[in-house]
Amino acid sequence: MLAGLDEIRDLGADPVRGGYSRHLWSTAELGLREWFVERATRLGLGIDRDRNGNLWAWWGEPGADAVVTGSHLDSVPGGGAYDGPLGVVSALDAVARLKARGFTPHRPFAVIVFAEEEGSRFGVACLGSRLMVGSLDPAVAGALRDRDGVTLADAARYAGEDPELFGPDPAALGRIGLFIELHVEQGRGLVDLGSAVGVASGILAHGRWRLSFEGEGNHAGATPMIGRRDPMVAAAAAILAVREAALARPGTRATVGRLEAVPGGTNVIPSRVQLWLDARAETDAEAHELVATIAARASASAFVEESWSSSVEFDASLRDRFAAGLGGVPVLSTGAGHDAGVLAAHVPSAMLFVRNPSGVSHAPGEFAELADCVAGTDALESLLVSVL
Ligand code: HGY
Ligand code: MN
Ligand code: MN
Ligand code: MN
């Protein structure tokens, strides 16, 4: 049980940041893909790579109206051990248990690993699921660049994928009759409710924007303070405006987690500063109003939307049926985006959450007790039996 988390424990461990840095098609993430293929094959599942870098492991023949469960293996920089992998490991453990007890699915069933869910390498979250459902232009995706300037298309080629195939995949999407994603909770909802497992009700609206600030690069020592055009100062004011705007709007969240100065020398007044805004709210309208306020206050020379995800309400009948079927576990929303949120607009989807005593995620402190992870797999297994 959960041996898979131990098996991958050293893949992508980040000695500088702590936690894990497992980015799309990096050595670590390719190693995780190999682990998944080996583990799924050992379980007798058939591997299929779709046109958008997502990995599928089928129990029997692929077919229509399939039940699909899984999550992602990539991480944020310095991320936790559970965000993503817990859903994949639990899915494979559920398959192992079902096979061990001689269970036979009565409809097609697959475990899936989505590509670039965090968007940590190329900037767009849920890349693999967005391409699949057709909500991301493949030409735009192919041109996305990582921090080293490598395009997604080139990175795909290096990884043995064909970027010419990127794009809507109605065949793959059309096979999914029901998608269930198990995920470690990112917050303390289940801790406060005293439950090991919960079912998701919805996901906040969320998006990412890049703000650029232009200035006049110059020497840090030879340039008087008066008369400088230092873009770092404008960026700092914008970051404070981000915090003020979110604090003034209950339920909204706004974060600047990434900032880059050009040229980035300690003794150089930058010529340009870029920062990335992550903004979230309960409704699309509130999120757009939050961002409009920030845009009005930040004297950015460019304010570019890089990705947007509307708020998600999971299928209420499915959600309530699953919560009841699990003995009346709590139903709660989440501020974190997921592939299940992308799919929910296209196919019946549900999420299972596993308690995280720390409440922390996207950081090394992310944690889940083994007993709660087992309870999560128990819940997933019983849901699968109820729909397969
Ligand atoms: O950013 C998110 O909410 C998700 O963890 N990718
Ligand atoms: Mn995440
Ligand atoms: Mn995740
Ligand atoms: Mn997810």
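The values are calculated or read from the model by the stated rules, or taken from the named source; none is laboratory data. The structure presented is a predicted model; accordingly, all values stated were derived computationally and were not measured. Cβ placement follows ideal geometry from the backbone for every residue including glycine, while neighbour counts extend to all protein chains displayed. Note: areas computed on protein heavy atoms with side chains; ligands, DNA, RNA excluded. Shrake-Rupley method; radii C 1.70, N 1.55, O 1.52, S 1.80 Å.
Scan region 302-319 for residues that are farther than 21 Å from Arg130 by Cα and either within 13 Å of ligand 1 (Cβ to nearest atom) or not aliphatic (A, V, I, L, M) (or both) and jot them down.
Within region 302-319, Phe303, Ser317, Arg319 meet the criteria.
For the subset of region 223-243 comprising residues that are of a type in the set (Lys, Arg) and outside any helix (DSSP H, G or I), which member is least open to solvent (accessible area, probe 1.4 Å)?
Arg228
Those residues that are assigned to a strand (DSSP E or B) and of a type in the set (Phe, Trp, Tyr), I need them from region 353-370; list them, please.
Matches in region 353-370: Phe353 only.
Between residues in region 43-65 that are assigned to a loop (DSSP other than H, G, I, E, B) and residues that are of a type in the set (D, E, K, R) and open to solvent by 50 Å² or more (accessible area, probe 1.4 Å), which pairs lie under 6 Å by C-beta distance while being six or more apart or on different chains?
Listed by first residue and then by second, the contacts come to Ala64/Arg175; Asp65/Arg107.
Can you name the residue in region 153-171 that is touching an Asp or Glu at 6+ places or on another chain (Cβ under 8 Å) and aliphatic (A, V, I, L, M) and, of all such residues, is surrounded by the fewest Cβ atoms within 10 Å (Cβ to Cβ)?
Ala156
For region 88-107, indicate whether the set of residues that are within 12 Å of ligand 4 (Cβ to nearest atom) and of a type outside the set (Gly, Ala, Ser) is non-empty.
The answer is yes; a qualifying residue exists.
Filter region 138-152 down to the residues that are surrounded by fewer than 19 Cβ atoms within 10 Å (Cβ to Cβ) and over 23 Å from Arg258 (Cβ atoms) and list them by number.
The answer is Ala139, and nothing else.
Going through Val342, Val387, Val360 one at a time, which residue ends up being away from ligand 3 (no atom under 16 Å from the Cβ) and either of a type in the set (A, V, I, L, M, F, W, C) or closer than 21 Å to Glu117 by Cα (or both)?
Val387
Evaluate region 95-112: report whether one residue or more is within 15 Å of ligand 3 (Cβ to nearest atom), modelled with pLDDT of 95 or more, in a loop (DSSP other than H, G, I, E, B) and in contact with a strand residue (DSSP E or B) (Cβ under 9 Å, 6 or more places away or on another chain).
No, every residue in region 95-112 fails to be within 15 Å of ligand 3 (Cβ to nearest atom), modelled with pLDDT of 95 or more, in a loop (DSSP other than H, G, I, E, B) and in contact with a strand residue (DSSP E or B) (Cβ under 9 Å, 6 or more places away or on another chain).
Those residues that are open to solvent by 60 Å² or more (accessible area, probe 1.4 Å) and more than 20 Å from the chain's Cα centre (by Cα), I need them from region 172-190; list them, please.
Across region 172-190, the qualifying residue is only Arg175.
What are the residues in region 141-194 that are outside any loop (DSSP other than H, G, I, E, B), under 26 Å from Ser382 (Cβ atoms), touching a residue at least 24 places away in the same chain (Cβ under 8 Å) and of a type outside the set (A, V, I, L, M, F, W, C), if any?
Passing the criteria: Arg175, Gly177, Glu181, His183, Gly189.
Can you name the condition, by its number, that Ser129 falls short on among (1) surrounded by fewer than 22 Cβ atoms within 10 Å (Cβ to Cβ); (2) under 29 Å from Ser358 (Cα atoms)?
Exception for Ser129: condition (1).
Give region 52-87 a look and list any residue that's within 21 Å of Gly187 (Cβ to Cβ), open to solvent by less than 10 Å² (accessible area, probe 1.4 Å) and of a type in the set (A, V, I, L, M), or say none.
Leu86
Looking at region 68-90 only, could you name the residues that are assigned to a strand (DSSP E or B) and either within 11 Å of ligand 2 (Cβ to nearest atom) or at pLDDT below 95 (or both)?
Once the filter is applied, which keeps residues that are assigned to a strand (DSSP E or B) and either within 11 Å of ligand 2 (Cβ to nearest atom) or at pLDDT below 95 (or both), region 68-90 yields Ser71, His72, Gly79.
Could you tell me whether Gly123 is open to solvent by less than 30 Å² (accessible area, probe 1.4 Å) and within 15 Å of ligand 3 (Cβ to nearest atom)?
No.
Just one of Ala287, Ala345, Ala340, Ala350 is within 30 Å of Ala171 (Cα to Cα), assigned to a helix (DSSP H, G or I) and under 23 Å from the mean Cα position of the chain (by Cα); which is it?
Residue meeting the stated conditions: Ala340.
A quick yes/no check of all residues on (1) assigned by TED's automatic domain parsing to the domain that holds Leu73; (2) in contact (Cβ under 8 Å) with a residue 40 or more places away in the chain; (3) more than 15 Å from ligand 1 (Cβ to nearest atom); (4) surrounded by fewer than 20 Cβ atoms within 10 Å (Cβ to Cβ):
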{"residue": "Arg321", "(1), (2), (3), (4)": "yes, no, yes, yes"}
{"residue": "Ala324", "(1), (2), (3), (4)": "yes, no, yes, yes"}
{"residue": "Gly335", "(1), (2), (3), (4)": "yes, yes, no, yes"}
{"residue": "Val342", "(1), (2), (3), (4)": "yes, yes, no, no"}
{"residue": "Val347", "(1), (2), (3), (4)": "yes, yes, yes, yes"}
{"residue": "Ser361", "(1), (2), (3), (4)": "yes, yes, no, no"}
{"residue": "Cys373", "(1), (2), (3), (4)": "yes, yes, yes, no"}
{"residue": "Thr377", "(1), (2), (3), (4)": "yes, yes, yes, no"}
{"residue": "Glu381", "(1), (2), (3), (4)": "yes, yes, yes, no"}
